[in-house]
Amino acid sequence: MTVTRRLSDVAVGETVVVRSVAAGEGGHGRRLEDLGVIAGTLVTVERRAPLGDPTIYEVRRSRLAMRRADAALVQVASPDEPVTHFDGETHVAL
Amino acid sequence: MLSPDPTPSAEVAPAVHAERTDDPAVVRWVCASPSLDGVVDGRRQPPWVGASDLAAVAEVAVVAGTIVVRVPAADDWQQLLGPVHNALVDALRTRARWLFEPSDPQFSDLGALTAEAVQRIVDTAAGAITGAHGGNITVVGLHDGVVTLRLSGACHGCRFTDDTVQRVVEPALWRAHPYLSVHVER
Amino acid sequence: MSHCEPPSAARSVGPDVLHVALVGSPNAGKTTLFNSLTGMHAKTANYPGVTVTRREAIASFGDLEVMVVDLPGTYGLSAISPDEQIVADSLAGTIEGVSRPDALVMVADASTLERSLLFVAELLRLGLPACLVVTMIDEVAARGGAIDVDRLSTAIGIPVVGVIGHRGVGLDAVKSLLSDPAAWSRPVMVPPAEAAARSAWVRSVLSVAYRPPGADNRTRRIDAVLLHPVIGVLVFSVVMLAFFQAIFTLAAPLADRLDSLFGWFAGGVRDRVPGWFGEMLADGAVAGVGGVLVFLPQIILLFLILTLLEKVGYLSRAAFLADRLMGRFGMEGRSFVAMLSSFACAIPGILSARTIPSERRRIATMMAAPLMTCSARLPVFTLLISGFVPDRSVLGPIRSQGLVLLGLYVLGAVSGLAYAGILSVTALSGPAAPVVMELPPYRRPTLMAVLRQTWEGAWSFVRKAGTIILGSSLLLWVLLNVPSSTPPEGLTEARQASYQLEHSAAGTVGKALEPVFAPLGFEWRTNVALIGSLAAREVFVTTLALTTANADDASLPDRLQELRNDDGTPVYDAATVAALLVFFVYALQCMSTVAVLRRETNSWKWPAIAFTSMFALAYVGALVARLVVDVVT
């Protein structure tokens, strides 16, 4: 069972997978999706600003600074355990 | 030069796109996921044979890891493009056996494959997850390339199990034995 | 799920020129491409009804004459700012007087293809003939990535060209494409609309044509320092202080030289052109233009530094660091740059607020900008402080005059922040757009690009400020010289000028305003000078010089000190000076600022609110200052 949490609650350094993006007020959610934050995308929390907000996220090989209120619209979960392929390669599960 | 899955992601739906070929009556579908690695070239009978709106499709074949579809005349694509695409995506979602022919070399070990071997793959792939939530996925049958899974414990009735089966178990099985298809006992 | 589009030929406009639009995300290299394709022929215009600028140029490619339009950068067609709305409207063909583009050149940065192709997918659904230009392919190659342009072209179904913008690599291929958009291949199927499906399409397309680059280590290493919670903030403070300092110290000598140059020129005009016309030209027009151009060194330096910081990539880091503080006052990180620029002049500050997508925060930023102590206030402050604040040592090297000046700056800055904060919970309250800023990789900008953008900024300032200031200077001259009066016999020339001023239209108004400003301690001379400051704040000083002209050749501060009311009390006592200083901190006299506010907000509402509220603040502030000084001294 996958438990989802808000992207704004994810600690620095963690990589999570997006499960859903809420619509938010004024088209927030849509803007996040335009920027590549889509269900199934991997997001890494890179660093926070000195005063705690905003936070820099690595999304699709680009870096986005996002405020907490907007990151809270994104529900994420930990990516599944890596699956060890029989020839020794490790993949992140599809 | 190119890795099979350059963009790390955790998407579940098939990732495909359609391309033109030199022949205007032929359109190719490239499939990033599920990967068509190990699928041998040759004609195929997709499961939609018999669907009335797709009856006009002349030929479906696998060529170099892509699915190639031919229609009688280029103009036919006007009607057929959408329906063929949707049907293909559905068919790929289950990575069904239609992609393989019994004569395909991958089937050579079909007879030798045991349910225990399959169970090992399932456990390696999903054991950590199911164990952590107090459930179990058991291989209860292996016949003619179809694996039957039974869900027990917390997995039974859990709405996220389908997710785990689709995203973890099936890909793990296919990497080892591409021709297997998975059936979950209800 | 998705719809298919039957292949069809591009529609080219008969005898008319073909209209091709460049579209892509910000930082993708669109403008560089536009400049390379069109040379120096671009003209800038405004879209009807909004302040978004439109860059377009007509160029020939092969036998075809094409109008190339550089659309504003955007991440998607669901707009969150006027800039982006323009793109959406342009592509839908719903802008009055502007035709829908006949073909699209989509521009994407090679290192962000995984995201950029999402936008490409959205654009392809429009059904317009399209091609893709992938920029900065050298960066991707340098980091171990690879793009098979031909394979990508087959995968997407449209022509794709890889370019290296600053080296012109690939440019010929783009030009060749533009010579015949009708021949561009079309996708067999348009990509899906839904976000997850679109993402899957992108993944599939990239799987056959793209090897992602490794990490950008240079950017990573630099950001480890520049975004460090301690070092980064330190660097940020140093950079901003240096910016501030450079504008004042570096530009000052040049400004002084320009000032004397214009004074000389005005004198020459007055000598050569006879009568009142000559005087109007000299004291009105030349003085007015001079007043604007004297700021030009500062403005050019301002834009140069800002352009450099932006193109290198530092501005987005600065915005990231400043966002929390700015957010507390209803603004955002990008507002910081606007505020900082406003210390030179509010006009470039207000213009730079265009980069803020959220309308509420943009307006808050623009409204607060005039409260930042602009350099036009400096002559006024300098005059009053040097004339009336005793030069004492307060703490070692820190002297009282400098302290007062600093205090005025701080008062302005803090008030500006508070003003924006109050606006954002009253008139501007409500939900605001998300704050999402992209942090591009650090790049070395090309000299041409920097110079070009600096020039465009400086020129926009001259155009916007220049016209208003010139107009108001001429108007002011008229007010100060009409109706002309004959001074009584026996007065010195200086006294005559003063008399004439007193009986001019401006003088009459100044006297009429005395009851209004009497509580602040202002009399008609000050009032007339205040009227003058409506043209430009520093005109206050020159007007005051005119109204206080007398026999001696004494300096203006001395003359002010000697000025007496009818009852013998000094006109300029400590309280009045304090009131005047505070009045200038707050009052929005600058008509060009008001004009720019109107243009940028597209209504009279906001400039009206700014003008009246800041006048009220100025009045009350001046009163409070008077009282405080009266009590203290």
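The values are calculated or read from the model by the stated rules, or taken from the named source; none is laboratory data. No experiment lies behind these values; they were computed from the predicted model shown. FYI the Cβ positions are ideal-geometry reconstructions off the backbone, even for glycines, and counts take in every protein chain you see.
Things worth noting here:
- Put simply, of C:Ala193, C:Ala155, C:Ala121, C:Ala173 the only residue that is assigned to a loop (DSSP other than H, G, I, E, B) and either within 22 Å of C:Asn35 (Cα to Cα) or modelled with pLDDT of 90 or more (or both) is C:Ala193.
- Helices (runs of 4 or more DSSP H) wholly inside the range C:312-393 containing at least 1 residues that are surrounded by fewer than 21 Cβ atoms within 10 Å (Cβ to Cβ): C:314-328, C:359-368, C:377-388
- Every residue from the range B:24-47 that is away from chain C (no Cβ under 14 Å) and touching a strand residue (DSSP E or B) at 6+ places or on another chain (Cβ under 9 Å): B:Val39, B:Val40, B:Asp41, B:Gly42, B:Arg43, B:Arg44, B:Gln45, B:Pro46
- Residue, farthest from the other protein chains (Cβ to nearest Cβ), within the range C:206-235, restricted to residues that are more than 23 Å from C:Ala142 (Cβ to Cβ) and either touching a residue at least 12 places away in the same chain (Cβ under 8 Å) or among the aromatic types (Phe, Trp, Tyr) (or both): C:Gly232
- When residues of the range C:124-152 are limited to those that are part of a loop (DSSP other than H, G, I, E, B) and within 23 Å of C:Ser207 (Cβ to Cβ), the one nearest to the other protein chains (Cβ to nearest Cβ): C:Asp148
- Residues of the range B:120-144 that are closer than 18 Å to B:His177 by Cα and within 14 Å of chain A (Cβ to nearest Cβ): B:Arg120, B:Ile121, B:Val122, B:Asp123, B:Thr124, B:Ala125, B:Ala126.
- Hey, B:Asp76 of a type outside the set (A, V, I, L, M, F, W, C), at pLDDT below 80 and surrounded by fewer than 20 Cβ atoms within 10 Å (Cβ to Cβ) or not: no
- Yes/no for C:Phe265 being of a type in the set (Phe, Trp, Tyr), surrounded by 16 or more Cβ atoms within 10 Å (Cβ to Cβ) and either touching a Gly at 6+ places or on another chain (Cβ under 6 Å) or closer than 28 Å to C:Leu534 by Cα (or both): no
- Tally of residues being in contact (Cβ under 8 Å) with a residue 60 or more places away in the chain and in a helix (DSSP H, G or I) across the range C:436-447: 0
- Residue within the range A:70-87 that is within 28 Å of C:Gly144 (Cα to Cα), among the acidic types (Asp, Glu), modelled with pLDDT of 90 or more and surrounded by fewer than 21 Cβ atoms within 10 Å (Cβ to Cβ) present: no
- For C:Arg270: the one exception among (1) under 26 Å from C:Met591 (Cα atoms); (2) more than 20 Å from the chain's Cα centre (by Cα): (1)
- Unique match (being in a helix (DSSP H, G or I), crowded, with 17+ Cβ neighbours inside 10 Å and touching a helix residue (DSSP H, G or I) at 6+ places or on another chain (Cβ under 9 Å)) among C:Ala433, C:Ala535, C:Ala458: C:Ala458
- Test result for C:Arg198, more than 29 Å from the chain's Cα centre (by Cα), exposed (fewer than 15 other Cβ atoms within 10 Å of the Cβ) and either in a helix (DSSP H, G or I) or of a type in the set (Phe, Trp, Tyr) (or both): no
- Lone qualifier among C:Ala130, C:Ala142 - being crowded, with 17+ Cβ neighbours inside 10 Å and within 37 Å of the chain's Cα centre (by Cα): C:Ala130
- Yes/no for C:Leu405 being outside any helix (DSSP H, G or I) and either free of Cβ contacts under 8 Å to residues at least 40 places away in the same chain or under 29 Å from C:Gly333 (Cα atoms) (or both): no
- Options B:Ala18, B:Ala25; residue that is surrounded by fewer than 17 Cβ atoms within 10 Å (Cβ to Cβ) and modelled with pLDDT of 85 or more: B:Ala25
- Matching residues in the range A:10-66 - criterion: being at the interface with chain C (Cβ under 7 Å from one of its Cβ atoms), assigned to a loop (DSSP other than H, G, I, E, B) and among the hydrophobic types (A, V, I, L, M, F, W, C): A:Leu35, A:Ile38, A:Ala39, A:Ala49, A:Leu51
- Residue match in the range C:470-481 (condition: in a helix (DSSP H, G or I), of a type in the set (Gly, Ala, Ser) and farther than 23 Å from C:Gly532 by Cβ): no
- Odd one out for C:Ser185 among (1) hydroxyl-bearing (Ser, Thr, Tyr); (2) part of a loop (DSSP other than H, G, I, E, B); (3) buried (at least 22 other Cβ atoms within 10 Å of the Cβ): (3)
- Scanning the range C:496-532 for residues that are among the hydroxyl-bearing types (Ser, Thr, Tyr), touching a Pro at 6+ places or on another chain (Cβ under 8 Å) and surrounded by fewer than 18 Cβ atoms within 10 Å (Cβ to Cβ) returns a single hit, C:Tyr499.
- Inside the range C:26-43, residues that are assigned to a loop (DSSP other than H, G, I, E, B) and within 29 Å of C:Met437 (Cα to Cα) make up a count of 5.
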